[in-house]
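Chemist: Take this structure first; my questions come after.
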Amino acid sequence: MSQSPSDSRTAADGQGAPSDPLAHLPASLRSVAGLFERSDRGLAHVERWLIVLCVFGMATASIANVIGRNVFNHSLPFTEELMQILQLWLTFLGISYGARAGRHIRVTALLDFAPPWLRKTLLILGQVITCALLAYLSWLAVEYLQSLAKSGRVTPSLRWSLAILYAVVPVGLALGALQYLMAIMRNLLASGSWLSWQTSEIDDNDEPDGSGAL
């Protein structure tokens, strides 16, 4: 089986460890890991373009409103509403993207003094807690979404359904939980410490392979 690009990035830093952290696994488990790898890359591609579209939409709406107010002396009434919607989508899509890239804020003051085995154990424990919390919040968001759908509430200017617009909340939280679940699996299966399926702890300042820069 060929070595994935993300595995090749985790070559040992002068300590003689194997470059493939999953090399010790049976072929069947490595095939499953390859499936996770491809799925994660595909999801990263979709998220990246949705985030780009949100940022582009916010910039376009803001510029259009400035032109309308200063050139035509008429502001666009739906601009603020649209900006809030796009910011909502950007925030919750960013949960999964940030988790994949290992960009979420961490406090490592105590971890820096811990031995490697304890550091990895505490890292996994934190990921388990975060995964469970995000999954629980996603469940609560689904219940809230159901109440919105029953109420039939819409946005004031655009008259768009709030239930449809807020659907990104449970989806974003669930995708974030999935990223932390995959990080847990990576830490359990592979050597070294991993912030996500794509990002090893030693590489947490690098962009995850295949995710690309915005």
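The values are calculated or read from the model by the stated rules, or taken from the named source; none is laboratory data. Values in this document were obtained by computation on a predicted structure and should not be read as measured data. What goes into the accessible areas is simple: the full protein's heavy atoms, side chains included, and nothing from ligands, DNA or RNA. Shrake-Rupley method; radii C 1.70, N 1.55, O 1.52, S 1.80 Å.
Chemist: Name every residue in the stretch 100-127 that is of a type in the set (A, V, I, L, M), open to solvent by 90 Å² or more (accessible area, probe 1.4 Å) and part of a loop (DSSP other than H, G, I, E, B), in order of residue number.
Modeler: Ile105, Val107, Leu110
Chemist: Has the stretch 68-80 got at least one residue that is among the basic types (Lys, Arg), open to solvent by 100 Å² or more (accessible area, probe 1.4 Å) and part of a helix (DSSP H, G or I)?
Modeler: Quick first cut of the stretch 68-80, residues among the basic types (Lys, Arg) only: 69.
Now restrict to residues that are open to solvent by 100 Å² or more (accessible area, probe 1.4 Å): 69.
Filter again for part of a helix (DSSP H, G or I), leaving 69.
Yes: the stretch 68-80 contains one or more residues that are among the basic types (Lys, Arg), open to solvent by 100 Å² or more (accessible area, probe 1.4 Å) and part of a helix (DSSP H, G or I).
Chemist: How about the stretch 154-174: which of its residues are open to solvent by 60 Å² or more (accessible area, probe 1.4 Å) and within 15 Å of Trp89 (Cα to Cα)?
Modeler: Trp160, Ile164, Tyr166, Val171
Chemist: So for the stretch 37-52 (the condition being open to solvent by 70 Å² or more (accessible area, probe 1.4 Å), hydrophobic (A, V, I, L, M, F, W, C) and at pLDDT 90 or above), does at least one residue qualify?
Modeler: So far as the stretch 37-52 goes, yes, one or more of its residues are open to solvent by 70 Å² or more (accessible area, probe 1.4 Å), hydrophobic (A, V, I, L, M, F, W, C) and at pLDDT 90 or above.
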